Amino acid sequence: MDETLPTATVRTRVTVPLRFPDGYVTTARVHTFHGLVDGREHLAFGLGEHAEADPPLVRPHSECLTGDVFGSQRCDCGPQLREAVERIAEAGGYLLYLRQEGRGIGLYAKLDAYALQDGGLDTYEANLALGRGADERDYTVAAQMLAALGVDRVALLSNNPDKAAQLERLGVTVADRVSTGVHLSPANAGYLAAKVTRADHALDLPFVP
């Protein structure tokens with residue numbers, strides 16, 4: 001790992017059985033940490049035979065209360081989380097649950113951005129109109145968590161090239177990039193299109209040139 005990366009350590013490790021609304025069940029080893037640079041309570045879910053996987057399948061998943069918990073159709077976060085847990089459990093690896101709601105701007109600001117989107121702005125334009133960055137997420141804590149878990153080489157489960165670029169800069173070798181599925185609905189079509197056109201996400205959408 002990058003020698004300049006601040007050191008984090010595993011604080012606790014506990015086994016948690018998981019059950020999703022569609023009936024899918026698995027077991028996770030949930031890790032908490034000391035020394036994360038932003039002081040937030042991020043979690044690493046060890047799934048499948050993660051110690052045996054080389055490289056482990058890893059998804060840094062940014063918290064989305066509306067999508068992950070309440071099933072909001074305005075984004076694809078909830079379906080991506082559900083998909084990631086099953087795929088990582090099959091392959092072996094980690095889901096890093098990162099507390100950076102709304103691409104890092106927070107829950108209330110994200111809902112403010114939704115209001116601006118209802119007025120015609122896309123998801124990135126709305127963040128900028130609020131005086132925030134289009135995407136304020138910083139994956140330093142993800143690299144710290146991986147280092148604490150003894151992982152310096154990953155297969156990255158993500159459509160977002162910025163995640164791979166940041167992790168590489170932080171000393172994590174991205175040995176492979178694995179795309180998630182396309183979770184398209186009438187309510188999130190514009191949101192997904194903006195991901196492709198504004199941030200080069202690897203999504204195969206039929207209506208985006």
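When the residues of segment 59-80 are narrowed to those that are small (Gly, Ala, Ser) and either touching an Asp or Glu at 6+ places or on another chain (Cβ under 7 Å) or under 18 Å from Leu47 (Cα atoms) (or both), which ends up surrounded by the most Cβ atoms within 10 Å (Cβ to Cβ)?
Narrowing segment 59-80 to residues small (Gly, Ala, Ser): 62, 67, 71-72, 78.
When the remaining residues are screened for being either touching an Asp or Glu at 6+ places or on another chain (Cβ under 7 Å) or under 18 Å from Leu47 (Cα atoms) (or both), the result is 62, 78.
Details: Ser62: 23, Gly78: 20.
Here the residue is Ser62.
Mind telling me which of the residues Glu49, Glu83, Glu41 ends up being among the charged types (D, E, K, R), open to solvent by less than 40 Å² (accessible area, probe 1.4 Å) and in contact (Cβ under 8 Å) with a residue 12 or more places away in the chain?
Matching residue, one of Glu49, Glu83, Glu41: Glu83.
Would segment 160-176 turn up any residue that is under 13 Å from the mean Cα position of the chain (by Cα), in a loop (DSSP other than H, G, I, E, B) and small (Gly, Ala, Ser)? No, every residue in segment 160-176 fails to be under 13 Å from the mean Cα position of the chain (by Cα), in a loop (DSSP other than H, G, I, E, B) and small (Gly, Ala, Ser).
Reported count of residues in segment 87-128, each being more than 20 Å from Gln73 (Cα to Cα), without any contact (Cβ under 8 Å) to a residue 60 or more places away in the chain and in a helix (DSSP H, G or I), is 2.
Of these, Ala44, Ala8, which one is of a type outside the set (S, T, N, Q), under 19 Å from the mean Cα position of the chain (by Cα) and modelled with pLDDT of 95 or more? Reasoning before the result, please.
Details: Ala8 fails: under 19 Å from the mean Cα position of the chain (by Cα).
Going through Ala44, Ala8 in turn, the sole match is Ala44.
Yes or no: segment 153-163 includes at least one residue that is under 21 Å from Glu136 (Cα atoms), open to solvent by 30 Å² or more (accessible area, probe 1.4 Å) and at pLDDT 60 or above. Yes, segment 153-163 contains a residue that is under 21 Å from Glu136 (Cα atoms), open to solvent by 30 Å² or more (accessible area, probe 1.4 Å) and at pLDDT 60 or above.
Does segment 9-27 contain any residue that is out of contact with any strand residue (DSSP E or B) (no Cβ under 7 Å at 6 or more places or on another chain), open to solvent by less than 70 Å² (accessible area, probe 1.4 Å) and closer than 22 Å to Ala164 by Cα? Show your work before the answer.
Within segment 9-27, the subset out of contact with any strand residue (DSSP E or B) (no Cβ under 7 Å at 6 or more places or on another chain) is 20-24.
Filter again for open to solvent by less than 70 Å² (accessible area, probe 1.4 Å), leaving 20, 23-24.
Within this subset, residues satisfying the condition of being closer than 22 Å to Ala164 by Cα are none.
No, segment 9-27 has no match at all.
The values are calculated or read from the model by the stated rules, or taken from the named source; none is laboratory data. For clarity, every value in this text was computed on a predicted model and none was experimentally measured. All Cβ positions, even for glycine, are placed from backbone atoms using ideal geometry, and neighbour counts span all protein chains on display. The area values use the complete protein model at the heavy-atom level, side chains included, leaving out ligands, DNA and RNA. Shrake-Rupley method; radii C 1.70, N 1.55, O 1.52, S 1.80 Å.
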